[in-house]
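J.: Got a structure here, written out as structure tokens. Questions coming.
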Amino acid sequence: MKELLKYSIVIVLIFNLYCGGKEPVKIGFAGSLSGKFSDFGTDGRDGVISAIEKINSEGGINGRKLELLTSDDKGSAEAARKGDIDLIDRGAAVIIGHMTSSMTMAVADIVNEKKVVMVSPTVSTDLLNDIDDYIIRVVSSTKVESLTLAEKVYDLYKIRSISFIYDLSNRDYTESWVKNFKAAFSKKGGRSIETISFSSLDTMQYSKIAEDALRKGPDAVAVVANSQDTALICQQIRKKTRIPIFACAWSQTKDLIIQGGGSVEGVILSHQFSKDNVSEDYPEFKKSFTRRFNREPEFPAVFSYNAMMVIADALKRDDNISNLKKTILEKREYKGIHSNFKINEYGDAITEFHLISIKEGKFVGIPNKEEAVK
Amino acid sequence: MESQIKKKQLSKILSLHFIAIIIIPISVAGLFLYFFFSESIRKEAVYRNMLLAESIAGEIERFMIEPLKILQHISHNVEKGNLKQGAVNSYLETVISDYNYFESIEIINSAGKIEYIAPYNRDFIGNSVMTEEYRKFINISGEGKQVYISPTFISFQTGKTTIAISSVFGSNVLIGFMNLGSIQNIVDRLTLKKGFAVITDRNGIVIAHPDIRMVNERVSYNHLQPVQKGLKGLSGTYYYNDNATDYAASVTNVSDTGMVVAVVQPVQAIFSMLKTVRILSFMGIIIITITSFFIGKVIIQRIIKPIQALVQSTQNVADGDYSYNIEDSSYTEISEISHNFIKMIDAVQKREFDLKKTRNYLQALFNAQSSILVSVNREGTIDQYNKAALEFAYKQGLLIEIDPIWKIFPFLAEYKEKIIETISGINEILSFETTVLEYYTRYYSVFCYSAAFENEKRALIRIDDISELKSREEQLVQIQKMDTIGTLAGGLAHDFNNVLGGIVGTVSILEYRIKQNKPVEPEKLNYHVNIMKEAGGRASKIIQQLLTLSRKHDSVLEPADLNLIIRRVMDICETTIDKSVALEPQYSDTPAIVKADRQQMEQVILNLCVNAAHAMTIMRKDEKWGGELSIALEKISQDTFITINGSGDSASGYWRLSVADTGVGMKKEVVERIFDPFFTTKEIGKGTGLGLAMVYNIIRNHNGFVKVYSEEGAGSIFHVYLPVSGDESALSDTAASELFIKHGEGLVLVIDDEQVLRNIVKDMLEECGYSVVTCQSGTEGVEYFSIHRNTIKAVFLDMSMPVMSGREVYYKLLEIDPDVKVLLASGFKHDARVEELLSAGIKSFIQKPPTLQKLSEEIYKTIYE
């Protein structure tokens, strides 16, 4: 009996040593998880879940399992700040999020003050460019996106005048997008005719917005908003004209196609993620994600997965949380599930952009200039 | 055996049995009931949980029926054109406001554009929506179905979980967007202590959950096994673990919608009844156990009490208090035991008295023995002893019960191993004689008898001081020797006379020749001198034999060849025994080596030969003298006969020396007494009756034995058995040993008053290589020593000298040089004075007259060892 007891204790101790002995690493996720515009957040969260479950199934990081804590910023700065403080208090070693630039800017001072690394999967605002802070991004800045698009709009699509419609609810992204586009476009010789802003948080009349933008007869319209707003604006524009419509990366989700229906056919945008340009790991990721969530991943899931993998990569090299920022920045080149990317000394990612168009209800990569011109 | 049985207390055994009798059936019954009930409780709980899930699913189905009907109704009305032109919008508005199921309703026309929308929104009219993606989104596939239900999604208008129900009519599609908020109500209404209900859509996304956050954040439960089962269309109760808690989830799905309803409860909660039953069962068993324990204790106490009283009484008796007072008991059995016990006590008391009596008697007998008697255990501690033993120890100031036997009787130490063997029971009997050199030499006879019993190893040892007996024996031997000499004297005198006759005759012839002045020719003279020389030589030999025989000496057992001894005896017999007796000695082919005292052995054989001769001569009164005296020597191996008669330790067998005669023989009665001292059949003055007694003693001392066979008128035969000694190398044959003398050098001072001996010793020592100075008295010797003590290596000192004895001389020499090396010479070794000097420091001793060999050895030992 005594022998049995002795062995039991030893087994329990060994078990603890291997399994329960090490505290799990708490990973925080912050994003808009509920409400009208939660598709971005929930998709990102599911991407992180997918990564965490993969890591844990492989034994965790240096024997430590990962545990996910989530926080819903509800698209409000106040909720975002409260949520992040709460995450940090609950022991989050690192925060993945937020999913929009405005939310990220709202919490920047908190993470910098608390020295908690925030890895943002989708935030591309230029306001964070070249700043040595605790915010690290796995996507390129808006500047690159809008510059690339502006040049293509002018050169490839021969657009000489353009109107802008942008959403103020994520102005940190949209404004710099518009600003950079305008700058590049006018540099080429193009003209920005009209700039209409709205806030998705308010009730609005999409027909009025479309009318305003089209009033001066631009060659094209650029819509810088989320997928649903972009879709509905496109619906209104298409009721009036067939001029080209350009959209931003933010809007590239399934909702754009569902809500946009026939109106979004031919819409062109510039994006870092193109289903036609993915790494060899992507099919496996897509398969397991679909099995887990009964749906296909959108780009927020892909980038959130990448963000988690960047953190895991760093922790595997040095699991001291206080060194995390340094450890992440030490390694410049990362392997992404869509494509490889670089992170510079300021924690800003540099990735490749692809031109994407909607054809027959699908996002399709535009392979080369010739194709685009046609 | 008894000690090996583990003792148990009756009261404890009874208690245990009592408890066992009660507990085992109750426990078995309790466990049986527990398992029986637990199984049905388990089934019941699972059934209830499942029932709950099914009722929720039913409620959702019911909840869906109405909107579906409405939608069908609308599509029917619109399709059939039952509505007035332009009234469709208001009709839809009415449906929304009246039924409160739909958030919005749209009708999409064949161009895929929104034709009607309620609530009305101008912006949406004409929106191109119906793409392939949209069809997938609202789950419209093919034809044949009246209504289609979409998976859930977040309404971009309300931000709430929404479902789209579509009805296809013609090329139009009627879509109703339904808020699933009311499904949440079903879940919220459910009040489970610890469990909850969860509803997921067809993709496993939570659409109703007590934690609304889960719904709002569209958490996926697709990874939980029960949900997976539900999504596959299965229903049942499944178990899973989440956050280290085991849950039981009863799942079922809602037809058409693909929704999954799961009622989840922690296993612990769902089976809480099981826990209660378990606790009740075990509590019941424990309570019954405790109760039965106390009841049992009372009953057992009543049984045990009289037994304990009996035990107490018997304890008193066991402690030796026979004034017993055994209480009678009300139980017949115990009363019977008591009475039997009283009888037993009486019997024991009587037996104990008898034992005591016997023991006292035996103790007295023990003490009355003059021998020392002790009982000794393996450690050598004496645990029983008689008075003689106590006195022996007391005289030495030792404690008989504490000091080991080897200390009390130091002479036993030499035999320690053998005694321990006897104690251990390896040997049954051990007997030996031992000599102790004290001021006087003491002899002890020790007899050790193994008394090992069971595990107790011990031996009884009897020790007798036989010093006196020994000295008497020695005297007896001497007397007998003289007796033998007397017997032989007649023959010797005759022989001697013949010798003298030869000398005297020759001398008278020569005297006559000289007186007559007759010349004696050198040849003649030589002839006469030779006769005289031969006669002288013979006389000397006779005298030597006589002296050898009469000499008193220490018994020394050393390897000796019986052939040589017989030969010597034959020499004596030839001159002394009547010529009518024919001597027929037969020698063995090989040396017959035994450990023997040569002189004693000669005496034995001589005695037997003399007796044999007498039987053929003087014992024959009227008949003619004469006969055959044969002596034979034969080696015989150990056999049963030998084992019985001998000491039993001669593995290499015995030499049997047989002396047979053809004389008068003996009657049986005579044979029986033949070895008794002073028993003789010879005429008075012709025998002392000591001869055969001495033979018997000597042979016994040689570890041998004597057997006699006699037939009246035919003759007698005496067999002497002596153990074979394998030690031939140590054989100290005179002829052989004389070849080796030990040489040395240096000055030796010889102090002896007898001139002849002094000169012989001088010659012998010089032969050995020493220089010798002689002194004829002690005074002269001491004086010479005081001057030349540095050059003198050793002193040869005679013990008995006039004026200054050897003893005095030694002490003087010691004064001059404490390291003086002295070889003491005396005719008697066992002389008190000799023994004193030997213990005072004299290194060596030599018996007079010394032989060259012996002297060379002893002086060498004195100087060099």
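J.: Give, rounded to the nearest 20 debye, the magnitude of the charge dipole that chain A has about its Cα centre when Lys and Arg contribute +1 at Cβ and Asp and Glu contribute -1 at Cβ.
T.: I would put it at about 560 debye.
J.: Regarding the stretch B:83-179, what's the average projected area of the Cα-atom convex hull, expressed in nm²?
T.: 6.2 nm²
J.: Rounded to the nearest 10 degrees, what's the angle between the helix B:467-515 long axis and the longest principal axis of chain B, both from Cα atoms, 0 to 90?
T.: 40 degrees
J.: In the stretch A:106-144, which trypsin sites (Lys or Arg not before Pro) fall in coil by DSSP and have 13 or fewer other Cβ atoms within 10 Å?
T.: A:K115
J.: For a quick check: sort B:D819, B:D354 by the number of other beta carbons within 10 angstrom, fewest at the front.
T.: Values: B:D819 7, B:D354 10.
Fewest to most other Cβ atoms nearby, the residues stand as B:D819, B:D354.
J.: From the backbone phi of the stretch B:147-154, what are the Karplus-calculated ³J(HN,Hα) couplings (6.51 cos²θ - 1.76 cosθ + 1.60, θ = phi - 60°) in whole Hz, Gly and Pro given as x?
T.: Working through the residues one at a time gives 10, 10, 10, 8, x, 7, 8, 8 Hz.
J.: A further question on this structure: With +1 on the Cβ of every Lys and Arg and -1 on the Cβ of every Asp and Glu, and nothing else charged, how large is the dipole of the stretch B:83-179 about its Cα centre, in debye rounded to the nearest 20?
T.: On the way: 7 positive and 9 negative charges, 15 e Å.
So the magnitude is around 80 debye.
J.: Helix B:806-816 sits at what angle to the longest principal axis of chain B, using alpha carbons and giving 0 to 90 degrees rounded to 10?
T.: Once rounded, one gets 60 degrees.
J.: While we're on this one: Need one number: the % of Cα-Cα pairs in chain A sitting beyond the 27 Å mark. Could the numbers behind the result be given before it?
T.: Details: 33454 of 69751 pairs.
Result: 48 percent of Cα pairs exceed 27 Å.
J.: Something else now. Per residue of B:119-129, what is the mean number of Cβ atoms on other protein chains within 10 angstrom of that residue's Cβ? Mind showing how you got there, number by number?
T.: Details: counts 0, 0, 3, 3, 12, 5, 2, 6, 13, 10, 8.
Mean shielding count: 6.
J.: From the residues B:A596, B:A660, A:N129, which one has its Cα farthest along the dipole of the protein assembly as shown in the positive direction, the dipole being from +1 and -1 charges on Cβ of Lys/Arg and Asp/Glu about the Cα centre?
T.: Working it through, the farthest residue towards the positive pole turns out to be A:N129.
J.: Ok, one more. Hey, what do the phi angles of the stretch A:314-329 turn into as Karplus ³J(HN,Hα) couplings, whole Hz, using 6.51/-1.76/1.60 and θ = phi - 60°, x for Gly and Pro?
T.: 5, 5, 5, 7, 7, 8, 7, 4, 5, 9, 4, 4, 4, 5, 5, 6
J.: Could you work out the Kirkwood radius for the stretch B:191-331, taking every pair of different alpha carbons, averaging 1/r and inverting it, reported in Å? Provide the component values of the computation, followed by the final result.
T.: Details: mean 1/r = 0.0486 Å⁻¹.
For the stretch B:191-331, the Kirkwood estimate is 20.6 Å.
J.: Give a residue-ordered list of calculated ³J(HN,Hα) values for the stretch B:257-274 (Karplus: 6.51 cos²θ - 1.76 cosθ + 1.60, θ = phi - 60°; whole Hz; x for Gly, Pro).
T.: Using θ = phi - 60°, the values come out as 7, x, 6, 10, 9, 10, 9, 10, 9, x, 3, 4, 6, 4, 9, 4, 4, 4 Hz.
J.: To continue, here is another question. If neighbour count is taken as other Cβ atoms inside 10 Å, put A:F246, B:F153, B:F36 in order from fewest to most.
T.: B:F36, B:F153, A:F246
J.: List the GluC sites (Glu not before Pro) within the stretch B:51-152 that DSSP assigns to loop and that have no more than 11 neighbouring Cβ atoms inside 10 Å.
T.: Answer in residue order: B:E143.
J.: Right, here's the next one. Taking H as built 1.01 Å from N, whose amide H comes closer than 5 Å to the amide H of B:S104, not counting residues under 5 places away?
T.: B:F177
J.: B:F796's amide H: which non-local residues (gap 5+, or another chain) put their own amide H closer than 5 Å, with H modeled 1.01 Å from N in plane and none for Pro or chain starts?
T.: When sequence neighbours closer than 5 places are left aside, the close amide H contacts are B:L749, B:V750, B:I751, B:L823.
J.: Amide H of B:I207 versus every other amide H placed in the peptide plane: which residues, excluding those fewer than 5 positions away on the same chain, fall under 5 Å?
T.: B:I199, B:T200, B:D201
J.: Taking the Cβ of each residue in B:L412, B:L838 as the centre, tally the other Cβ atoms inside 10 Å and list the residues starting with the fewest.
T.: The most exposed by this proxy come first: B:L838, B:L412.
J.: Dipole of the protein assembly as shown (Lys/Arg Cβ +1, Asp/Glu Cβ -1, origin at the Cα centre): which of A:V117, B:N563, B:N703 lies farthest to the positive side?
T.: Value: A:V117.
J.: Calculate the length of the line joining the C-alpha centroid of the stretch A:184-260 to that of the stretch B:577-602, in whole Å.
T.: Measuring centre to centre over Cα atoms gives 154 Å.
J.: Distance check, please: which entries in A:K143/A:K188; B:K194/B:K275; A:K36/A:K239; A:K188/A:K362 exceed 23 angstrom between their Cα atoms? Don't skip to the answer; put the middle values down first.
T.: Numbers: A:K143/A:K188 16 Å; B:K194/B:K275 15 Å; A:K36/A:K239 25 Å; A:K188/A:K362 31 Å.
Correct reply: A:K36/A:K239; A:K188/A:K362.
J.: Further question on the same structure: Quick one: putting +1 on the C-beta of Lys and Arg, -1 on the C-beta of Asp and Glu, what dipole do you get for the protein assembly as shown around its Cα centre, in Debye to the nearest 20?
T.: So the dipole magnitude of the protein assembly as shown works out to roughly 5120 debye.
J.: Once you wrap a convex hull around the alpha carbon atoms of the stretch B:182-269, what is its projected area averaged over all directions, in nm²? The partial results should precede the final answer.
T.: Numbers: hull surface 21.2 nm².
Taking the Cα atoms of the stretch B:182-269, their convex hull projects to 5.3 nm² on average.
J.: Quick one: of the DSSP bridges fully inside the protein assembly as shown, what percent are antiparallel, nearest 5?
T.: Here the antiparallel bridges make up roughly 65 percent for the protein assembly as shown.
J.: Nearest 10 degrees, 0 to 90: what angle lies between the long axis of helix A:39-57 and the longest principal axis of chain A (Cα atoms)?
T.: Helix A:39-57 sits at roughly 30 degrees to that axis.
J.: Further question: Divide by every residue of chain B the summed helix terms, -39500 (n - 2.57) for each DSSP H run of at least 4, and state the resulting mean residue ellipticity at 222 nm, rounded to the nearest 500 deg cm²/dmol. Before the final figure, lay out the partial values.
T.: Numbers: 25 runs with 417 residues, N = 865.
It comes out at -16000 deg cm²/dmol, rounded to the nearest 500.
J.: Give me the three principal axis extents of the protein assembly as shown from the C-alpha atoms, as integers in angstrom, largest value leading.
T.: Sorted largest first, the three principal extents are 213, 92, 56 Å.
J.: Charges on Cβ only, +1 for Lys and Arg, -1 for Asp and Glu, centred on the Cα centroid of chain B; of B:A612, B:V671, B:L180, which one is farthest towards the dipole's positive end?
T.: B:L180
J.: Now for a different question. Could you work out the percent of alpha carbon pairs in chain B separated by over 52 Å, rounded to a whole number?
T.: On the way: 219714 of 373680 pairs.
Value for chain B: 59 percent of Cα pairs lie more than 52 Å apart.
Each reported figure results from applying straightforward, stated rules to the coordinates on display, with no laboratory input. Bear in mind that the values here come from a model prediction, so they are computed numbers and not experimental data. Note: ideal-geometry Cβ built from the backbone for every residue, glycine included; neighbour counts use all protein chains shown.
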